Every structure is written in structure tokens, then in C-alpha cells.
Amino acid sequence: MLRFATHRPRCRCCALVLADGLSAGLQARTDVCLDCISQPPPLDATLVALDYAYPWSTLISAYKFGEQPGWAPFFADLLLKAPGVVQALESLQSADLILPIPLSKERLQTRGFNQAWLLTKELARHAGSTAQADNSLLLRVKNTRPQTELKRGARLANVKGAFQIDPLRADAVKGRRILLVDDVMTSGASLFTAAEVLRAAGAAHITGIVLARTPQ
């Protein structure tokens, strides 16, 4: 299956594939796309294994919406071995906390599991990481519309105010190196909004680690 996981040079901040053309020289020197140079996102780095395209889009949809949580170990192993994600294992082993993008209570009840949390647990187990995998520190306090129903421009507004740190554990984030895990990144709205909450709580370093990125 790894033959379908072709390495493509990506922006280290937002994980979009770096564009060809006149700006390629600048991007190659910095590993950052022009958008992230002009407006840096709240993530220090974003690691992505795959494009969200066939065959992965079909498999991830079956995992996420088809009640097939058993795919989680395979996807975690794939993420750690995919070409171009050599930093994933190092990031896992140096992190203090590994947190999934949380689901709302309503979405969790409907789906039955949080696919990002299953990936988080499997990544920690596969990597032999000593970081704490935590499913209750970062909370989703707003049941938003599914991002897949919205155009790119509306996604950030949709998740604004959707996340918060557990008020009883606010100090748990301060000064920590955090990995923020999700299965699919499209506009980056969910990851960026969650990262802003963690940054405001005092996180020292935040890396997003995502199975698949929707091409621009």
C-alpha cells in the first residue's frame, strides 16, 4: 500500500504541496509556502502522510463513517512509515502530550467513536512514546456543522469558539510540547482553531500530525 503514498514536498506549516513556478526557489529554501510566510498559522509544524485522494479517501471514509474503527492501527503505522513524514516518530518521542481533535458529544454519540482519538492512541503505542495521550484535556464545547458541508471560506467561522481547555486542568498545557492529531485536514480550520486555544493556554510548541491532506 505504501506505493500509493508518494512523497510530495509540503509546506512545513500548513502541509499543502509546495507550488511550482517563480516562487519555488523561495519555498525550497524555507520549506514554507508564501501564504504561511505572510501569515504564519498557530501550528509550529504540520506533518501529513498522504493526499486525501484515491485509494486513501475511500479507506478513510470507510473508517470514519462506515463503523470500521479497526483501521486505526493500520493508519497509524502508515503515518509513521509514509515517505516524507520522517519527523513523525521524532515528534512523537519528544512530545509531552498527544491530543486528538475532539468531537462534540452529539457527533460522538452518532458515530460511536472519535477517529482522531483512536489514531492518537495507536500512534503513541506504535512509536513507544512516553508522551501522555489524552482525550479529555482539549474539549469541543460547540456542536458545529460538519466541515464537509461547508465551503472553504466558511469553515473557520464554523469552528470559532468550538474548543476549550478543561477549566480544571488549564495548567496542564503550559510549557508543554503538544502533538495535535486528526485524520483529515482540508482548510486547516479545526487544527488551527484548536492550536490557537492551546497556544493561549501556554503551550510551548504545537505540531499537527494528520493522516491525509485535501489537495488545494
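The values are calculated or read from the model by the stated rules, or taken from the named source; none is laboratory data. Here the structure is a predicted model, which is why all the values come from computation and not from measurement. Here the Cβ is made from the backbone with ideal geometry for all residues, glycine too, and neighbour counts use every protein chain on show. These area figures cover heavy atoms from the full protein model, side chains too; ligands, DNA and RNA do not enter into them. Shrake-Rupley method; radii C 1.70, N 1.55, O 1.52, S 1.80 Å.
Among the residues of segment 77-100, what is the count of those that are in contact with a Lys or Arg (Cβ under 8 Å, 6 or more places away or on another chain) and either at pLDDT 90 or above or of a type in the set (K, R) (or both)?
3
Just to be sure, is L26 more than 17 Å from L119 (Cβ to Cβ), of a type in the set (A, V, I, L, M) and at pLDDT below 90?
Yes.
I'd like to check something: does segment 37-46 contain any residue that is surrounded by 14 or more Cβ atoms within 10 Å (Cβ to Cβ), at pLDDT 90 or above and over 16 Å from the mean Cα position of the chain (by Cα)?
yes
So if I check each of T186, T130, T144, which one is modelled with pLDDT under 95, among the hydroxyl-bearing types (S, T, Y), open to solvent by 30 Å² or more (accessible area, probe 1.4 Å) and closer than 24 Å to P69 by Cβ?
Just one listed residue meets the conditions, T186.
Hey, among the residues in segment 60-86 that are open to solvent by 30 Å² or more (accessible area, probe 1.4 Å) and either in contact with a Ser or Thr (Cβ under 8 Å, 6 or more places away or on another chain) or of a type in the set (F, W, Y) (or both), which one's nearest to R12 (Cα to Cα)?
By that ranking, first place goes to P83.
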